[in-house]
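Every number in this text was worked out from the coordinates using simple rules, so none of it is lab data. What you see is a predicted model, and the numbers here were worked out from it, not measured in a lab. For neighbour counting, all protein chains shown are included, and Cβ atoms are generated from backbone atoms with ideal geometry for every residue, glycine included.
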Ligand code: ADP
């Protein structure tokens, strides 16, 4: 074949191949340009969405009544709404860039923030560091993107009303105590005299005197418990001792109610190993907690029921519990039983144990929380309840 023809054919094939490659490249380029355009549109849409969300967050942040402060991992303020500036007594816009310590001027907020970073959430209450400054609660919550949200609320009015309520109950109880004690003593004397050998009384009258004595006893108990509660609530100082053996205290306190339990036909069992690690606490107050729990357990147990009082170590705590097999507590009432005066159902209690004041568990909760502990109930209706409280082991707990 003519060499020119071969060369021409070769050139033609090369041209076709090159053209093919060029066309493919052009298509790839078009595709990548289109993808690039889509990506840019996507990014700009996301930017808009983020800006929109940030704007809405800012609107919400200004609309709520709470102070909202966002801090980064090193506890420096990234943003703060207007309420936060007002509550902390700052001119608008001056909080960003400050440390938590500079913003709140209180070391307890800084420790709370450290605790919230470590555990996810923590709370503290502080008075703003100027004369007559408001009482503030500060709730720290770990943020998804690192750092914390600090929610600040003014609770001055709430605390003022609580103080008025406590003082009112305290005054009223003091006023009631003296005449009630007199009435109670008179009722007791009357009842004793009515039982005298030469006294002939119609049975109805004897019965009424007995009822007056019982009901006055309840009133005296209620007034005493109200006074107790208001003393505890107003921060009455605890007589703390270091080496308190909760096992021994639980056993001794349960023993105080053995006679009462026997009379109701209820068996009382105590399981408390010797030599539990000590807790730091007020033995009279903690003893009162155990007595209140055992007293309730007897009141709500059936004839022949058994109550188990236990104390044992669980992790860093000593947990004391009182278990009964009585009527139990409906689920929706379980949180409420620790409120003052709350009673699940007045008709459920054993009649012969007398009424209750509805204050025993409120007192128990206050005492336990004053000790840095917590109290809770596990219960199912018809099969019984277990009330437990946990107190931290004193010192380093190496016992
Ligand atoms: P109260 O003087 O009425 O016993 P508490 O504060 O001790 O007051 O208890 C509040 C309420 O909780 C009781 O009235 C009762 O309804 C319920 N409760 C407490 N302990 C028990 C228990 N062990 N079993 C069933 N219900 C209980």
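So here's what we get for this one:
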quantity: For the stretch 240-399, diffusion coefficient by Stokes-Einstein and Kirkwood Rh (Cα), 10 °C, 1.306 mPa s, µm²/s; calculated: 101
quantity: Helix 3-63 axis, angle to the chain major axis (alpha carbon atoms, nearest 10°); calculated: 30
quantity: Scaled radius of gyration (Cα, divided by 2.2 N^0.38 Å) that the chain gives; calculated: 1.67
quantity: Kirkwood Rh in Å, taken over all unlike Cα pairs in the stretch 199-332; calculated: 17.2
quantity: Relative contact order %, the chain, counting alpha carbon pairs below 8 Å whose residues are six or more apart; calculated: 10
quantity: D_trans [Stokes-Einstein, Kirkwood Rh over alpha-carbon pairs] for the stretch 1-63, 10 °C, 1.306 mPa s, µm² s⁻¹; calculated: 97
quantity: Sorted by Cβ neighbour density within 10 Å, fewest at the top, the residues 101, 112, 222, 205; calculated: 205, 101, 222, 112
quantity: Over the stretch 70-174, relative contact order from alpha-carbon pairs under 8 Å, at least 6 apart, %; calculated: 23
quantity: Computed over the stretch 262-301, the ratio Rg/Rh where both radii use C-alpha atoms and Rh is Kirkwood; calculated: 1.05
quantity: Inter-probe distance in nm under a simple model that places probes 7 Å from Cα toward Cβ, at residue 256 and residue 60; calculated: 5.1
quantity: For the stretch 130-208: relative contact order, % (alpha-carbon pairs under 8 angstrom, 6 or more apart); calculated: 17
quantity: Kirkwood Rh in Å, taken over the stretch 92-186 so that all alpha-carbon pairs contribute; calculated: 16.3
quantity: Relative exposure of 393, 59, judged by other C-beta atoms within 10 Å (fewest first); calculated: 59, 393
quantity: Point-to-point label distance, residue 177-residue 27, nm (Cα→Cβ direction, 7 Å offset); calculated: 9.7
quantity: Structure-based [θ]222 nm, the chain - -39500 (n - 2.57) summed over DSSP H runs of at least 4, per residue, nearest 500; calculated: -17000 deg cm²/dmol
quantity: The stretch 162-254 pair-distance distribution - Cα-Cα, 5 Å bins, rounded %; calculated: 2, 12, 14, 13, 12, 12, 13, 10, 6, 4, 2, 0
quantity: Degrees, to the nearest 10: 203-233 long Cα axis against longest axis of the chain; calculated: 40
